[in-house]
Amino acid sequence: MDHVSLIGTRCRALLLITVLLAACGEREPVFSSLALAIGGLDFPHTRQTLDLCRQRNDEACLKSYRRVKTARDSLLSRPRNEALKRVFETIGADCGQESADLATEMNCTGAVAALYFFPGPEDDRAIREFFHRLPPSTLKKVIASGGDWPGNRENKPAWRQWVAESPLSSEDRQALLVLLDRQPNPELTLNHLDASD
Amino acid sequence: MPSKNFVILIGGPGLFVDCDPKHDKTWLNYIAPIQQAADDDLYGKTPDETVHWFVFEPPYDNRWADDSVITAGESVEKFFSDAELHGVRKAAADKVSGTHAANYVGRIKQLAATKGIMYHGLRTKDDFWTELGKFPDGSISRVWYSGHASPEGLMLSLFHDSNCEPASLPSLMILTSDIPVKKASIQAKIDSSTSKSSNFYGCGTHDFAKEWHQAFGVPTAGAKKSITFNVRAHPGSSVLTLIETTATPQGSPEWTTFP
């Protein structure tokens, strides 16, 4: 093997290792980015704050916004049922661990936040069926994660009925009802991710 | 005889890291203004009030572990980059050691004791509600907060994700949406006739203050936009007023009261 092909082989090997390391570095960057919509310190939670960020070219704030927007776009670039399946898989895997590391907690939070983008009656049926299959501890974690997804349901009466018939503890039942009763806030940045930036 | 309880919940700093020099340069960020307000008699404490500091301890433990030792890796980094960051952190920890406190939590306990303030160490977010629930009925005159926050809630602890973005998690936050859920468990403890305001010093606490006001019918206040704790009060000025009014890159904090 001459020197040129040897260098070529080593470069390809190095490239492969880099790609593998990048893939292993974060299991699900979509959801860890979406977690910023709940816990990001620099994320502009409302449209007014986003406008201010733009006016002042606040790079930290805009970077956070772009991460959430890119993650949302990436998730919804798939067929809807596939995207929702991906959300369910992440909730099932990462919200069910008792003493989870930060990366796992971020994935869980982001997957719960992602439910906001699936507000329709068909989505709701799938979500309720999924919730029904979840272990109680995982469902408790989902509800404790808060977020704005319950307030964004199109068919709230169906959810209230589900809550009434669910095996949730009385405190979790009350918590979910409180979250369901919250009115959707049209000013939330999550409703303005399509604005140009 | 004190019969009312004035609670100040104090969140913790994140680590001071190279990739985010903007946040939490000093571990004292959320203690110092509250300490100074006590020194300057800005609490407006009435004779029947006992002041309680509810301190979320885990971030102070983490910060102490990070600040108090310069690791071999950090020494190497300093050799090559001449970074002062580790030195700044270590100096802060050494200063605390000089007070004979074992660590940052120990120092906060010392400060509370010297001011006659009752110290409560919190280890989980639920401890906040549990501790409030232990007070006699009608005895909580007001609740203040000092720390990181967003419209989603009070961030008791902050970390940096794999992109060095500062963030918290629902398990480390008193969420705004937690208030109506927990309302029933502490409503009887709140003095609903109080005229004292519950003030939430943190960025974007407007929604939290509004929710607290709606839940308990007491006066509250919070900031619509960002605030800064990096204020220096001069004789005759109030550190709390400075926090409420000092503009940040987002402009005026728009400190808002709910009567």
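The values are calculated or read from the model by the stated rules, or taken from the named source; none is laboratory data. In this text, all values refer to a predicted model and were calculated from it rather than measured experimentally. Cβ coordinates were reconstructed from backbone atoms using ideal geometry, including for glycine residues, and neighbour counts include every protein chain displayed.
Consider A:Arg160 carefully, then state whether it is away from chain B (no Cβ under 14 Å), surrounded by fewer than 16 Cβ atoms within 10 Å (Cβ to Cβ), more than 20 Å from the chain's Cα centre (by Cα) and of a type in the set (Lys, Arg).
yes
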Could you list, in sequence order, all residues of the range B:142-168 that are facing another protein chain (nearest Cβ under 9 Å), under 18 Å from B:Val17 (Cβ atoms), assigned to a loop (DSSP other than H, G, I, E, B) and not hydrophobic (A, V, I, L, M, F, W, C)?
-> B:Asp161, B:Ser162, B:Asn163, B:Glu165, B:Ser168
B:Thr194 passes all but one of (1) closer than 27 Å to B:Ala247 by Cα; (2) out of contact with any helix residue (DSSP H, G or I) (no Cβ under 9 Å at 6 or more places or on another chain); which number fails?
-> (1)
Would you mind telling me which numbered condition in (1) among the polar types (S, T, N, Q); (2) surrounded by fewer than 23 Cβ atoms within 10 Å (Cβ to Cβ); (3) within 14 Å of the chain's Cα centre (by Cα) B:Thr194 fails?
-> (3)
Test set (1) within 14 Å of another protein chain (Cβ to nearest Cβ); (2) closer than 14 Å to B:Ile31 by Cβ - B:Gly121 fails condition number = (1)
Odd one out for A:Ser170, checked against (1) more than 27 Å from A:Gln48 (Cα to Cα); (2) more than 12 Å from every other protein chain (Cβ to nearest Cβ); (3) at pLDDT below 90 | (2)
Residue set B:Ser139, B:Ser185, B:Ser177, B:Ser97; condition more than 30 Å from B:Pro21 (Cβ to Cβ), more than 14 Å from chain A (Cβ to nearest Cβ) and not aromatic (Phe, Trp, Tyr); output residue B:Ser139
How many residues does the range B:229-259 contain that are within 19 Å of the chain's Cα centre (by Cα) and over 21 Å from B:Thr176 (Cα atoms)?
-> 14
Kindly check whether there is at least one residue in the range B:95-106 that is within 17 Å of the chain's Cα centre (by Cα) and of a type in the set (Val, Ile, Thr).
-> yes
Got a sec? Which helices (runs of 4 or more DSSP H) wholly within the range A:85-175 have at least 1 residues that are in contact with a strand residue (DSSP E or B) (Cβ under 8 Å, 6 or more places away or on another chain)?
-> A:102-114
Considering only the range B:92-111, state which residues are among the small types (Gly, Ala, Ser) and under 14 Å from B:Glu57 (Cα atoms).
-> B:Ala102, B:Gly106
For the range A:181-191 the number of residues that are surrounded by fewer than 17 Cβ atoms within 10 Å (Cβ to Cβ) and modelled with pLDDT of 90 or more is 4
In the range B:13-31, which residue that is in a loop (DSSP other than H, G, I, E, B) and of a type in the set (Asp, Glu) is nearest to the other protein chains (Cβ to nearest Cβ)?
-> B:Asp24
Would you point out the residue of the range B:1-42, among those that are closer than 15 Å to B:Ser141 by Cβ and at pLDDT 95 or above, that is surrounded by the fewest Cβ atoms within 10 Å (Cβ to Cβ)?
-> B:Lys4
